[in-house]
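Written below as structure tokens is the structure these notes are about.
Where a number appears in this text, it was derived from the coordinates with a stated rule and is not lab data. Since the model is a prediction, treat every value here as computed from it, not as a measurement. Every residue, glycine as well, gets a Cβ built from its backbone with ideal geometry; the counts of neighbours run over all protein chains shown.
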């Protein structure tokens, strides 16, 4: 897509701060940022709110989050005095899933786990992205094997939206140092070995030597585990 190529050229070799400033000023429909309130997303939230950028911020409350995650949301709202829009799963779909399969069906099979992710994450995400033309994420290349070859700008087929990853080439140490330098609120579970934090029943701390995604859906024998939010994109030259 020519539009994506043009945006990619605009953002080439730019810092995360510069990327967000450029995105917020593009002559397109409004940009939106999805935060899970983890390390990376707190960095982007800080950059957006501190610089008064024209990028809407939202989060998905799956109904199964850690108490610590809600505390980070509260601390972030208090720190920046800005709105973070919250999207919940569809009530009828959630009720049907629990009624038919119980509260822990996701442990039984990958198919069941993806069904739960679809109800609690994918469908609410589609509602959150509706009407926007650019979706900003906190994805970093080193987070998982299938993110190594991601371009900074790509086309999301499932949601028909341009995706931009300002922190794509940041290291984990750079993220942590930025959080510390600017005294940004962060989830205390990160200090206990939780690198990637999602729903409470599906997240554990990682062990020494394990990769970043090892703590997510650890019972599945799959090195490229995703919940469905970021696995339907094509590269910038598509």
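Among bridges DSSP assigns within the chain, what percent are antiparallel (round to 5)?
Numbers: 8 of 21 bridges.
Antiparallel: roughly 40 percent of the beta bridges in the chain.
Helix 91-101: angle to the longest alpha-carbon principal axis of the chain, degrees 0 to 90, nearest 10?
40
Quick check: pseudo-label points 7 Å beyond the Cα along Cα→Cβ at residue 61 and residue 219, how many nm apart are they?
It is 2.7 nm.
Based on the alpha carbons, how large is the Rg to Rh ratio for the stretch 95-215 when Rh follows Kirkwood?
Values: Rg = 16.6 Å, Rh = 16.8 Å.
Using Cα coordinates only, the ratio equals 0.99.
Given R₀ = 25 Å, what would the calculated FRET efficiency be for residue 50 paired with residue 3, taking r from the Cβ atoms and rounding to 0.05? Could the numbers behind the result be given before it?
Details: r = 28 Å, r/R0 = 1.14.
With a Förster radius of 25 Å, E is 0.30.
Test of understanding: what is the full-extension gain from residue 90 to residue 160, defined as 0.36 nm times their sequence separation minus their Cα-Cα distance? Please report the intermediate quantities before stating the final value.
Values: separation 70, 0.36 × 70 = 25.20 nm, distance 2.11 nm.
Value of the extension gain: 23.1 nm.
Using helices alone, I'd like the mean residue ellipticity at 222 nm for the chain: each DSSP H run of four-plus residues gives -39500 (n - 2.57), total over residue count, nearest 500. Let's see the in-between values first.
Numbers: 8 runs with 82 residues, N = 238.
Calculated mean residue ellipticity at 222 nm is -10000 deg cm²/dmol.
Tell me, in nm to one decimal, what length is gained between residue 17 and residue 78 on full extension, where the rule is 0.36 nm per residue of separation less the Cα-Cα distance? Before the final figure, lay out each step's value.
Values: separation 61, 0.36 × 61 = 21.96 nm, distance 2.22 nm.
Once the chain is fully extended between residue 17 and residue 78, it gains 19.7 nm.
Here are a few candidate values for P(r) over Cα pairs in 10 Å bins from 0, in percent: (i) 7, 27, 28, 22, 11, 5, 1; (ii) 7, 30, 36, 23, 5, 0; (iii) 7, 32, 39, 19, 3, 0. Which one was actually calculated from the structure I just gave you?
Recomputing P(r) over Cα pairs in 10 Å bins from 0, in percent here picks out (iii).
Residue 171 versus residue 98, label points 7 Å from Cα toward the beta carbon: distance in nm?
4.4
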